[in-house]
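S.K.: What follows is a structure written as structure tokens; I'll ask about it next.
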Amino acid sequence: MRKLTLQDMVLVAFFTALTALGAWMSVPLPISPVPIALASLFALLSGAMLGKWLGMLSQVVYLSMGLVGIPVFARFMAGPGVLAGPTGGYLAGYILGAFVVGATVEYLAIRSKATRFAIGLTLGSLVIYMLGVPWLSLVSGMGLKAALAAGMYPFLPGDALKIIIGTVLCLSLVTQLPRIWRSPAGNRPARQAEVE
């Protein structure tokens, strides 16, 4: 990862704050220990807009803040107990999910930015479930099928909407505020394909 500039640090802090704000805007589900929250949208947007490394860094900062006791998680909770609980896998998935979105948007050799953003956000969502559902199953003692029913299936319609909204937001941001779209120095085949 390249050396961080002041603008990089500001953008990382901004997406960290957005993720916390999204977590606070959560709705509990009676059928699941996992709430509906906008935090996952902002976590994935961090990767799409800041690139794989800065996006991942914003989520590492977010989880670190929660670990040390700053109430940035859903329902204004904090502490290691939250990560050890049923939502811990989803929260850890924010880090890897942001990285996957950023890498997909940066390296997927497709000219259409909309397609790259949509595929990246979809893959990032899947990564969050790949970490979240097995952890939910392990911590809660429910089987994998029950964990899927409680921790994934009810959220799929909302995730589809988040991907659509996220794609539109990304396209709007790179058009209106192109300097916010960060990409690490070095190999940028997806971006280069657009200008060739």
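S.K.: Can you tell me the orientation of helix 113-140 relative to the chain, as the angle in degrees between its alpha-carbon axis and the longest Cα principal axis, to the nearest 10?
M.R.: Long axis of 113-140 versus the principal axis of the chain: about 20 degrees.
S.K.: Rounded to the nearest 500 deg cm²/dmol, what is the calculated helix-only ellipticity per residue at 222 nm for the chain, with -39500 (n - 2.57) per DSSP H run of length n ≥ 4?
M.R.: Computed ellipticity for the chain at 222 nm equals -22500 deg cm²/dmol.
S.K.: Around residue 26, which amide H atoms from residues at least 5 apart in sequence, or from another chain, sit under 5 Å from its own amide H, with H modelled in the peptide plane?
M.R.: Residues meeting the amide H criterion: 75.
S.K.: In degrees between 0 and 90, to the nearest 10, how far off the longest principal axis of the chain does helix 39-50 point, with axes built from Cα atoms?
M.R.: Orientation of helix 39-50: about 20 degrees from the principal axis.
S.K.: Roughly how tilted is helix 88-107, in degrees to the nearest 10 and between 0 and 90, from the longest Cα axis of the chain?
M.R.: So the inclination is approximately 20 degrees.
S.K.: Just give me a number: lysine pairs in the chain, eight or more positions apart or cross-chain, with C-alpha atoms less than 23 Å apart. Intermediate values should be presented prior to the final figure.
M.R.: Values: 3/52; 52/113; 52/162; 113/162.
Within the chain, the lysine pair count is 4.
S.K.: While we're here: Using a Förster distance of 22 angstrom, determine the FRET efficiency expected from the C-beta separation of residue 31 and residue 139, and round it to 0.05.
M.R.: The calculated FRET efficiency here is 0.85.
S.K.: Same structure, new question: So what are the ³J(HN,Hα) numbers for the stretch 165-176, from phi and the Karplus equation (6.51, -1.76, 1.60; θ = phi - 60°), rounded to whole Hz, Gly and Pro as x?
M.R.: These are the phi-based 3J(HN,Hα) values: 4, x, 5, 5, 4, 4, 4, 5, 5, 6, 7, 7 Hz.
S.K.: Continuing with this model, one more query. Would you mind calculating the gained length between residue 21 and residue 67 on full extension (0.36 nm times residue separation, minus the Cα-Cα distance), in nm to one decimal?
M.R.: Length gained, residue 21 through residue 67: 14.9 nm.
S.K.: How many angstrom lie between the C-alpha centres of the stretch 113-131 and the stretch 31-95?
M.R.: 16
S.K.: Turning to a different aspect of this structure: Give the whole-number value, in cubic angstrom per residue, of the convex hull volume spanned by the C-alpha atoms of the stretch 1-145.
M.R.: That works out to 112 Å³ per residue.
S.K.: Dipole magnitude of the stretch 6-195 about its Cα centre, charges +1 at Lys/Arg Cβ and -1 at Asp/Glu Cβ only, in debye to the nearest 20?
M.R.: For the stretch 6-195, the charge dipole is close to 300 debye.
Bear in mind these aren't lab numbers, they're just calculated from the coordinates by the rules spelled out. Source: prediction; values computed, not measured. Heads up, the Cβs are rebuilt from the backbone with ideal geometry, glycines too, and the neighbour counts pull from every protein chain shown.
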